[in-house]
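See structure below.
The values are calculated or read from the model by the stated rules, or taken from the named source; none is laboratory data. On a predicted model such as this, the values are computed, not experimentally measured, just so you know. Cβ placement follows ideal geometry from the backbone for every residue including glycine, while neighbour counts extend to all protein chains displayed.
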Amino acid sequence: MSVPARAVPAPRRRFEHKLWKHILLFVLTLATTTVAGAGHYRSFLSDFGRQAIEMGALDLLIRGFWYSGTLLLILGAHEMGHYSYCRRYNIDATLPYFLPFLFFTGTLGAVIRIREAFPTRTVLFDIGVAGPIAGFMVVVPALFVGLSLSTVTLDPPGSDALLSLGEPLLFQWGAQLVFGRLPEGHTINMHPMVFASWFGMLATALNLLPFGQLDGGHITYATLGRWATPISLLTVAGAIAMTFVSTSWLFFTILMVLMLLVLGPRHPRVVYEYEPLGRGRVVVAAVALLMLVLCFTPAPIEPYELISTPQIQSVSR
């Protein structure tokens, strides 16, 4: 009896992309972030609801590009930092997938998929750290441009619609440089570029947490080897504790716990485990830790009436 030979599929080409998926997701994310940006620009013009808005819907939508363009540039720089180093080291990876979201931020961020194991700790480190550094290099100038377009105004009247955004150190220092010490009873009415920069800082801080296969987990494993596992577990424990400080940590903490259960606590090993990392990259790891400190805030988003001290505000409508 003869059995027909099973067709063997052709091997997938390296760096092969289904461009239509990446383009479609980018266009959808551009749309959702622009709509969100129009809302943030409307809030900015209204001066916390004090001013009537006479601008038409189309004009507001066009102004939404202040936010969407800035944010997608930050997220794109981050992911292309990873991707460019994947190309440099010939590690097969996809182009960025942008993730649209219908509320508030307009996006859940962006990701790339790396489709093979890392050969050495050096390669793992360089690819892991390149994204946060590239994104941070866009966040800083965008923050200062946005602050220059922002205004100082009276504290907003109490309202269930108001949200207070936590102030990372980078924002605090930037606001001090641009505005100096704010008068009592005043706050910053953020231009949408500032909110995009704030979201970029939040994304940078979360990605740099030393957990699992986040960028910070890659950096920790490449730098500290076996110590990455207990540090990763401590990070999850810290995130759980942070949910008692701010409920805005709840979603990301649940995501980390699910990653821990599905992927396990150990970072996947590189092919050549014992290659030394080098002193220069240890210095870069310290720079990444400094970026985490500058971008981190313990209470990212809180209802305004629960905050007793002035912080940066945004109206959620």
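Being aliphatic (A, V, I, L, M), surrounded by 14 or more Cβ atoms within 10 Å (Cβ to Cβ), touching a residue at least 60 places away in the same chain (Cβ under 8 Å) and under 18 Å from Phe296 (Cβ atoms) is the requirement here; does Val123 meet it? Against the criterion (aliphatic (A, V, I, L, M), surrounded by 14 or more Cβ atoms within 10 Å (Cβ to Cβ), touching a residue at least 60 places away in the same chain (Cβ under 8 Å) and under 18 Å from Phe296 (Cβ atoms)), Val123 does not qualify. Checked against (1) at pLDDT 90 or above; (2) part of a helix (DSSP H, G or I); (3) surrounded by 14 or more Cβ atoms within 10 Å (Cβ to Cβ), Ile254 passes all but a single condition, namely (3). When residues in the stretch 227-251 are screened for being closer than 21 Å to Ser164 by Cα, of a type in the set (S, T, N, Q) and modelled with pLDDT of 90 or more, 1 of them pass. Before we move on, is Phe195 in contact (Cβ under 8 Å) with a residue 40 or more places away in the chain and among the aromatic types (Phe, Trp, Tyr)? For Phe195, the condition - in contact (Cβ under 8 Å) with a residue 40 or more places away in the chain and among the aromatic types (Phe, Trp, Tyr) - is met. Annotation: Glu184 fulfils all but one of (1) charged (D, E, K, R); (2) under 21 Å from Leu292 (Cα atoms); (3) part of a loop (DSSP other than H, G, I, E, B); the unmet one is (2). Just one of (1) in a loop (DSSP other than H, G, I, E, B); (2) buried (at least 22 other Cβ atoms within 10 Å of the Cβ) fails for Pro157. It is (2). When residues in the stretch 87-109 are screened for being of a type outside the set (Ser, Thr, Tyr), within 20 Å of Leu214 (Cα to Cα) and free of Cβ contacts under 8 Å to residues at least 60 places away in the same chain, 2 of them pass.
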